[in-house]
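Since the structure comes first, as structure tokens, the remarks are kept for the end.
The values are calculated or read from the model by the stated rules, or taken from the named source; none is laboratory data. Computed from a predicted model, the values in this text were never measured in an experiment. Positions of Cβ are backbone-derived with ideal geometry, glycine not excepted, and every protein chain shown enters the neighbour counts.
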Protein chains: 4
Amino acid sequence: MLNTIIIGASGYTGAELAKIVNRHPQLTLCGLYVSATSLDAGKPLSALHGQLRDVVDLPLQPLTDIKTAAANIDIVLLATAHEVSHDIAAEFLNLGCQVFDLSGAFRVKADDFYRQYYNFEHKYDEWLENAVYGLAEWNHDQIRQAQLVAVPGCYPTAAQLALKPLLVAGLLDCDQWPVINAVSGVSGAGRKARMTNSFCEVSLQAYGLFTHRHQPEIAHHLNCDIIFTPHLGNFKRGILATITAKLAIGVTADEVTAAMESAYLNAADQHAVRLLKNKTAKLDDVVGSCFCDIGWQVQGEHIILTAAIDNLLKGASSQAVQCINIRNGFPQLTALV
Amino acid sequence: MLNTIIIGASGYTGAELAKIVNRHPQLTLCGLYVSATSLDAGKPLSALHGQLRDVVDLPLQPLTDIKTAAANIDIVLLATAHEVSHDIAAEFLNLGCQVFDLSGAFRVKADDFYRQYYNFEHKYDEWLENAVYGLAEWNHDQIRQAQLVAVPGCYPTAAQLALKPLLVAGLLDCDQWPVINAVSGVSGAGRKARMTNSFCEVSLQAYGLFTHRHQPEIAHHLNCDIIFTPHLGNFKRGILATITAKLAIGVTADEVTAAMESAYLNAADQHAVRLLKNKTAKLDDVVGSCFCDIGWQVQGEHIILTAAIDNLLKGASSQAVQCINIRNGFPQLTALV
Amino acid sequence: MLNTIIIGASGYTGAELAKIVNRHPQLTLCGLYVSATSLDAGKPLSALHGQLRDVVDLPLQPLTDIKTAAANIDIVLLATAHEVSHDIAAEFLNLGCQVFDLSGAFRVKADDFYRQYYNFEHKYDEWLENAVYGLAEWNHDQIRQAQLVAVPGCYPTAAQLALKPLLVAGLLDCDQWPVINAVSGVSGAGRKARMTNSFCEVSLQAYGLFTHRHQPEIAHHLNCDIIFTPHLGNFKRGILATITAKLAIGVTADEVTAAMESAYLNAADQHAVRLLKNKTAKLDDVVGSCFCDIGWQVQGEHIILTAAIDNLLKGASSQAVQCINIRNGFPQLTALV
Amino acid sequence: MLNTIIIGASGYTGAELAKIVNRHPQLTLCGLYVSATSLDAGKPLSALHGQLRDVVDLPLQPLTDIKTAAANIDIVLLATAHEVSHDIAAEFLNLGCQVFDLSGAFRVKADDFYRQYYNFEHKYDEWLENAVYGLAEWNHDQIRQAQLVAVPGCYPTAAQLALKPLLVAGLLDCDQWPVINAVSGVSGAGRKARMTNSFCEVSLQAYGLFTHRHQPEIAHHLNCDIIFTPHLGNFKRGILATITAKLAIGVTADEVTAAMESAYLNAADQHAVRLLKNKTAKLDDVVGSCFCDIGWQVQGEHIILTAAIDNLLKGASSQAVQCINIRNGFPQLTALV
């Protein structure tokens, strides 16, 4: 049994992590932490997330001393703000913990990236260098060796799982930038009282045109320019990405199918991608599940892909636990299906 | 043409009022006001309510001086907080304006009521005494004479329109308190960023058990004890009230029908109640409309009534304008259908 | 390992059953059946319920011969129409299977009940007599001995779990019939194309006033007259029941609390009821879970209770498996949390 | 006053048309028709659409004889299936009526179009030739002269209103096909009981990839190849289109703004397009209204546009009445705001 703690446990992602770790046969949930100044400190997690009553009633503790929190702990899940993850990850790592960070603090190794997109100076070059990007289906071998895993963002998970097989196989004409339209449920904005998340104000709308942080994360890891347009949808959970791209000259539908199946069929270990050839992914099929559904269709020189995930699960919590499973030699979907 | 201003115009109710007054053939929308300290002062109303762009683009002005605001104004609509209405209504009234107050500040003439339920001491006894309760279908004659109309609350409108015909006709056994269950859309909580109104937190739930302010408002005006249980529903607009009551001994279904029809059929002027004998009211039939649908069914000694309104319209704005129409001799539903 | 089959597996309840049985450590899912004439025969269950892809891909088989279907089977789950359950249960029972019936066919032992409320003549008096009503928290000892368990309806589960502690303790004044208002998600109407379930037609509305089949089911098992008003809500899953009742003379809030806690706290085995004293149950807290949340508040002579369940889980599938667990000596919530 | 009838009045579009015509100061609503075999014949329209009770209670008549229906009628609105409009339009036209057809039967003058996309042979070449495409903001002068107006489809209205100013001004690089992603509310599928429209089955999903009929309609009228991907969304009304395109070499953001404003600002007559420079359109801002909101943003060589309409209004009924207004010399938005 591996002793596990969750930092930043009060939000939607933290609650999902707690639920999964709690039912995981090889993990012991040893502590839930919030920032030392949080008004939620002292409350049981289930006071904030009623669905956890009688399931996870552990209290939220203020994180005052990392050394104390890390004592006897094998695994640290950071569901904290980017800056917080940046600030505290190293200390846990130096104490020998495995760290799985759900923030953006260690996802992209590129000059100026954090100054430009996250508004802070990155001070942990070495850990940034050593961090493994936790796109579970693709970075299996590196994750197995990692001490620090940077779990991908929600939009980037959906987009990359769909596009990567084609790019790896050289099937896309990248001169014509793939267009990624994605609609996210409101939980993607976190558990906060804000006018834009207010029930009566939410309705389908694009936001962050050309400027969302996930655009460079996707482009960097795919090594391909893209256009990414996120939308807020009138639902609580899930992301649907619709991706339109131009195929390289002469590429056929069969080659596309071969690339998708080579990437995701017949893997040694059951993973979390399901293929829908000539079909389209549907949001409700993945909400509440750890799966990413990927559909695609080719016509002439163009391909349209659709990818659906639960933003809080495959887009955050379940992918983090998938990485834990890989890292520690458990079947990939342990506690996830 | 009657010159009209709206105080507290930035909220959902204010926006609906602006839309109705703007299209009213006998009213001129002369000004929109917010509190002097509001961050919205200076913005056009349509900056807050996008559906009003090119329809009502008037700016929200800070209300700094009532005398200035009231100059040449015939009608003042108060869509303000209870305390604000209480504080400013008299000054407008003393300047000769007709005042239609959508808050609770002048609805109930009962000792200690405001201290007990609204947490303030009422200082305008005379205006409270003179205020007419604007339940349009019932208080027509008084409204026609009123200078101050206290427009009923949203829940009380639905509940009273359904129960009043039966109580007036003496058909209920009031020893057994009628049970009023009602579900309201989230807009009833106003245009504010609050955790409880946050998109992901909203789901069907009762609140304010035995303690909601609308309970004594309903009981007072019906002169009958009731049990009122409000609920928050997962929709933006509308209220559905389901009311269960015991009939007085020997009362028949036909007597009930006669009472309902005597109250609402064959009125001289078209009003806003629609009857659904042996049917049930449906929320969507009234959302966006000025109507209150009332269904009912009798079995043995019991009656179940359902009443549906748009909380922002018949529960607030359109009923206010219905009162304006009555007061000024226009057909009751002018600008409302 | 107990071999288990599901009859009527194509609907929403069937899909939930398949998911639970599939993950249950002591059950083996051996077959999914639909009626011999169903157009879905031959399809994998996951073709109808996309969320089950890669989870339960078993095909739906036409039920042509019960003897064949029952071979080597320990447990039969009937998620079939009332008439179908009535017609086929006995044959499975006579072959020695444990039968857990989710329909209404064996729930009420009362003369003329099936003719009056279900429009058919009941032909299996003996099995009806022997059937145990599967209200898991209350009928534990009988369920442990049963060969046929009649799993309660969705509304009756919520209503009875809330009211039964009070009635058993004699705390209610039943002369004044408790008023049960309940709102159900649309999945309660089954997986069918019907105008009333069409997305654009659904909006909050009461139905079946005084005539819903669950009214006599509740009244019979509580042995108390009630008024039950079901509503259709604009959500997919879940039921919220709001119950208003009169307390017997002199009953105090503390006595109510004692009755609720005596019924549900400190049980030997973890069960599926969670208590919310002086709070209200919230739909989202139970959607996707096996729990029934019960809140209550007392004022003077009246009590208001709220009870929330997932209609497809505690209102059907998870309660069926809870009964299987009890019957076979497994911890009650095995595979359910 | 112009006498007006609606054929195919029972659906969502028909109900909206009835509401608008009923409140139009220059139109008289003279009759509502359904097919001779419709089960709805004889019912008042308000029996199908409860929100119309006391507003439009006219009965739905079976259309048995066109000559009788057309007697004394100036304007015929066809809210009928494509084949029905095709079959009956000519007879009304030959009787001298103005015909406004909301189906696809007369929208595209291209060889083989109807065989290929609508599965029927078009038999009225001359009327097809004479039909004016009713994109109100663009074809004003032709509409003024037309006897037959083919009102554009819902998706094409949103897409064309956004793209046409850029194409007319030659600002796009059409070699790279613009990508149009659009999400529609479920009412776009019509008022029918179908599994795909069933409340529990609806969730965000793309459909009709590369094959939707509106793709060639848009491409034909814009004279530009496009990729169009429609989606079904979990809401009742509205369409949001997100359009990504490549600008021609050297085109600046200012040129884009100039083209948008030249198309839509300072028109002689108030029309139904609202511009949102550097902003994004939001669905709720247009639901229930006649407006199309268009936002846009330029970065480098790319532009992203968002366009929102109410699919039943600007995407159908209100645009039809806008065309009636233009055709008959009334202010364009009469009865629409």
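The test for being crowded, with 22+ Cβ neighbours inside 10 Å and touching a strand residue (DSSP E or B) at 6+ places or on another chain (Cβ under 8 Å) holds for D:A89. Of the residues that sit in the stretch C:205-217 and are more than 7 Å from every other protein chain (Cβ to nearest Cβ) and part of a loop (DSSP other than H, G, I, E, B), which one is nearest to C:G153 (Cα to Cα)? Going through the qualifying residues, I end up with C:R213.
When the residues of the stretch B:36-47 are filtered to those that are surrounded by fewer than 19 Cβ atoms within 10 Å (Cβ to Cβ) and hydroxyl-bearing (S, T, Y), the one that is nearest to the other protein chains (Cβ to nearest Cβ) is B:S38. Of all the listed residues (D:L305, D:L333, D:L283), the sole one being of a type in the set (A, V, I, L, M, F, W, C) and surrounded by fewer than 23 Cβ atoms within 10 Å (Cβ to Cβ) is D:L333.
Here B:F330 fits the description: more than 12 Å from chain D (Cβ to nearest Cβ) and under 24 Å from D:A335 (Cα atoms). Criterion first (crowded, with 20+ Cβ neighbours inside 10 Å, under 24 Å from C:E126 (Cβ atoms) and touching a Lys or Arg at 6+ places or on another chain (Cβ under 8 Å)) does C:G50 satisfy it? For C:G50, the condition - crowded, with 20+ Cβ neighbours inside 10 Å, under 24 Å from C:E126 (Cβ atoms) and touching a Lys or Arg at 6+ places or on another chain (Cβ under 8 Å) - is not met.
Screening D:H220 with (1) more than 7 Å from every other protein chain (Cβ to nearest Cβ); (2) in a strand (DSSP E or B); (3) in contact (Cβ under 8 Å) with a residue 60 or more places away in the chain; (4) closer than 20 Å to D:V151 by Cα gives one miss only, at (2).
A quick yes/no check of all residues on (1) among the charged types (D, E, K, R); (2) in contact with a helix residue (DSSP H, G or I) (Cβ under 7 Å, 6 or more places away or on another chain); (3) not in a strand (DSSP E or B):
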position: B:I20; (1), (2), (3): no, yes, yes
position: B:P25; (1), (2), (3): no, no, yes
position: B:G31; (1), (2), (3): no, yes, no
position: B:G42; (1), (2), (3): no, no, yes
position: B:D54; (1), (2), (3): yes, no, yes
position: B:V99; (1), (2), (3): no, yes, no
position: B:S103; (1), (2), (3): no, yes, yes
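Count of the stretch B:295-337 residues, restricted to those that are closer than 16 Å to B:E137 by Cα and polar (S, T, N, Q), is 8. Taken together, the residues in the stretch A:238-261 that are within 11 Å of chain D (Cβ to nearest Cβ) and either of a type in the set (A, V, I, L, M) or in a loop (DSSP other than H, G, I, E, B) (or both) amount to 6. Do we find that B:H231 is surrounded by fewer than 19 Cβ atoms within 10 Å (Cβ to Cβ) and either in a strand (DSSP E or B) or outside the structural domain of B:T80 (by TED's automatic domain parsing) (or both) in this structure? No; evaluated as a whole, the condition is false for this residue. Taking the criterion of being in contact with a Phe, Trp or Tyr (Cβ under 7 Å, 6 or more places away or on another chain) and either buried (at least 24 other Cβ atoms within 10 Å of the Cβ) or under 24 Å from B:T196 (Cα atoms) (or both), the only residue of the stretch C:286-302 that qualifies is C:Q297. Among the residues of the stretch D:269-291, the ones that are among the basic types (K, R) and in contact (Cβ under 8 Å) with a residue 60 or more places away in the chain come to 0 in all.
Among the residues of the stretch B:7-35, which ones are farther than 25 Å from D:C290 by Cα and crowded, with 23+ Cβ neighbours inside 10 Å? Within the stretch B:7-35, B:I7, B:G8, B:Y33, B:V34 meet the criteria.
Here's a check for you: in the stretch A:239-254, which residue that is touching a residue at least 60 places away in the same chain (Cβ under 8 Å) and surrounded by fewer than 17 Cβ atoms within 10 Å (Cβ to Cβ) is nearest to D:Q205 (Cα to Cα)? Here the answer is A:A248. Contact map, the stretch A:183-199: residues that are free of Cβ contacts under 8 Å to residues at least 24 places away in the same chain paired with residues that are part of a helix (DSSP H, G or I), Cβ distance under 6 Å, separation 6+ or inter-chain. Pairs shown: A:A193/B:M195; A:N197/A:V186; A:N197/A:A189; A:S198/B:N197; A:F199/B:V186; A:F199/B:N197.
Given the conditions (1) closer than 22 Å to D:V287 by Cβ; (2) in contact with a helix residue (DSSP H, G or I) (Cβ under 6 Å, 6 or more places away or on another chain); (3) of a type in the set (S, T, N, Q), which single one is not true for B:S203? Failed condition: (1).
Determine whether the stretch D:54-72 contains at least one residue that is within 18 Å of D:T13 (Cβ to Cβ), surrounded by 19 or more Cβ atoms within 10 Å (Cβ to Cβ) and within 14 Å of chain B (Cβ to nearest Cβ). Yes - at least one qualifying residue is present in the stretch D:54-72. Each residue in the stretch C:284-313 was checked for being at the interface with chain A (Cβ under 10 Å from one of its Cβ atoms) and aliphatic (A, V, I, L, M), and 3 pass. All told, C:T80 falls short of being part of a loop (DSSP other than H, G, I, E, B) and at pLDDT below 95.
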